[in-house]
Amino acid sequence: MLEIKKNVLLADYTTLKIGSRAEFFAVIKDLEDLKAAIVWARQNKQTIFVLGGGSNLLITSKIKGLVIKNEIMGAQITAETEDEVWLTGNSGEVWSRFVHQAVTLHLYGLENLYLIYGTVGAAPVQNIGAYGVELKDIFDSLVAINLHTGKEKVFKLADCKFGYRDSIFKNKLRGKYFIYQVTVKLSKKPKFKIDYADIKAELGRKKPNLSNVIAAIFKIRNSKLPNPIVLANAGSFFKNPEISVADFKKLQVKFPDIKSFPSGKKIKIPAGWLIERAGLKGKKFGPVSMYEKQALILVNHGGATASQVLRHIDRVQAAVLKQFSIKLEPEVNII
């Protein structure tokens, strides 16, 4: 039977270790729990807020209504051909465990997304990406449950409106659906994307295979990104800004060493480079700072409040805007 709790502190459910309280709170273990939560919310005239792994979330105020913690786990192969496999993950499954399962089965396509914190259900919301690969590149479909009616709906690739760290679930359909299952289409044959400079450098002259590509990504991420269990953080805090070619050339005159990579008809600038050049890498402001090894990561050294984090976000945005005339946008969801 679904247990509804009142006034639950949410800090322990976010990797940034900051969070106010939930007016009502329940843990969802299966589809029946979800349906019971929807019925309860409808009967009690409460909204529903879905909480996954809490790895991309900054909660700044009390969340009214019912917060449901998604713990619907598991993954399985749902279809295959001679060359391809469709792997379906339940939305509460840990993302890295999902990737590890694909690697164990010798399936190709997910390896660049290894060690991204969070859950399977959060991946399409954010259109997660790393090292030249985004979820949309291997996405097939997802099943979502309407949080008002309880009805299922299948979303295909075009339906999700994927963009850079963006989807329809962050905009038009924000808060309206519970993502229940996500299916990705993977290859049985090697199809590596290893053009990213750090991966190339780490692999050296080794012939790429699943084992050494995963090992390279593991080493790269652990050298730059703090484990949230050890040092509270929400991963990459800001999006890498995209600017026009003309604006980039102007910046290049002033900053010849500026880092960049193409993004369609625009140029993408690493936000971490901008923050570092603005002098904020590793510089503490009370218990908050941008990580000393990777300026894109905002870390809580212990005891930080939501207001302190918000002030630091403003501080970083102001410094980058002043020096580069670029406005950084948070990648983390701020509630």
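The values are calculated or read from the model by the stated rules, or taken from the named source; none is laboratory data. Worth saying up front: this structure is predicted, and the values here are computed from it rather than measured. Neighbour counts are summed over all protein chains in view; Cβ atoms, including those assigned to glycine, are modelled from backbone coordinates with ideal geometry.
Check every one of the strands (runs of 3 or more DSSP E) wholly within the stretch 256-335 and list those with 1 or more residues that are of a type in the set (Ser, Thr, Tyr).
Counting at least 1 such residues, we get 261-263, 288-290.
Out of the residues in the stretch 6-59 that are basic (Lys, Arg) and not in a loop (DSSP other than H, G, I, E, B), state the one that is nearest to residue 310 (Cα to Cα).
Once the filter is applied, the top-ranked residue is 21.
Can you name the number of the only condition in (1) surrounded by 18 or more Cβ atoms within 10 Å (Cβ to Cβ); (2) at pLDDT below 90; (3) over 26 Å from residue 314 (Cα atoms) that residue 222 fails?
(1)
Which one of these does residue 3 not meet: (1) part of a loop (DSSP other than H, G, I, E, B); (2) at positive phi; (3) surrounded by fewer than 16 Cβ atoms within 10 Å (Cβ to Cβ)?
Going through the list (1) part of a loop (DSSP other than H, G, I, E, B); (2) at positive phi; (3) surrounded by fewer than 16 Cβ atoms within 10 Å (Cβ to Cβ), residue 3 breaks only (2).
Given (1) at pLDDT 95 or above; (2) out of contact with any strand residue (DSSP E or B) (no Cβ under 6 Å at 6 or more places or on another chain), where does residue 147 come up short, assuming only one miss?
Every condition holds for residue 147 apart from (2).
When residues of the stretch 77-104 are filtered for being farther than 14 Å from residue 123 by Cβ and either buried (at least 23 other Cβ atoms within 10 Å of the Cβ) or hydroxyl-bearing (Ser, Thr, Tyr) (or both), how many remain?
3
Out of curiosity, is residue 320 touching a residue at least 24 places away in the same chain (Cβ under 8 Å), of a type outside the set (Phe, Trp, Tyr) and either in contact with a strand residue (DSSP E or B) (Cβ under 6 Å, 6 or more places away or on another chain) or closer than 18 Å to residue 14 by Cα (or both)?
no
Within the group 198, 166, which residue is within 16 Å of the chain's Cα centre (by Cα), at negative phi and acidic (Asp, Glu)?
It is 166.
Out of all the residues in the stretch 297-316, is one or more of a type outside the set (Phe, Trp, Tyr), farther than 21 Å from residue 57 by Cα and without any contact (Cβ under 8 Å) to a residue 60 or more places away in the chain?
No: the stretch 297-316 contains no residue that is of a type outside the set (Phe, Trp, Tyr), farther than 21 Å from residue 57 by Cα and without any contact (Cβ under 8 Å) to a residue 60 or more places away in the chain.
Please determine whether any residue of the stretch 225-242 is hydroxyl-bearing (Ser, Thr, Tyr) and not assigned by TED's automatic domain parsing to the domain that holds residue 86.
Checked the stretch 225-242: at least one residue is hydroxyl-bearing (Ser, Thr, Tyr) and not assigned by TED's automatic domain parsing to the domain that holds residue 86.
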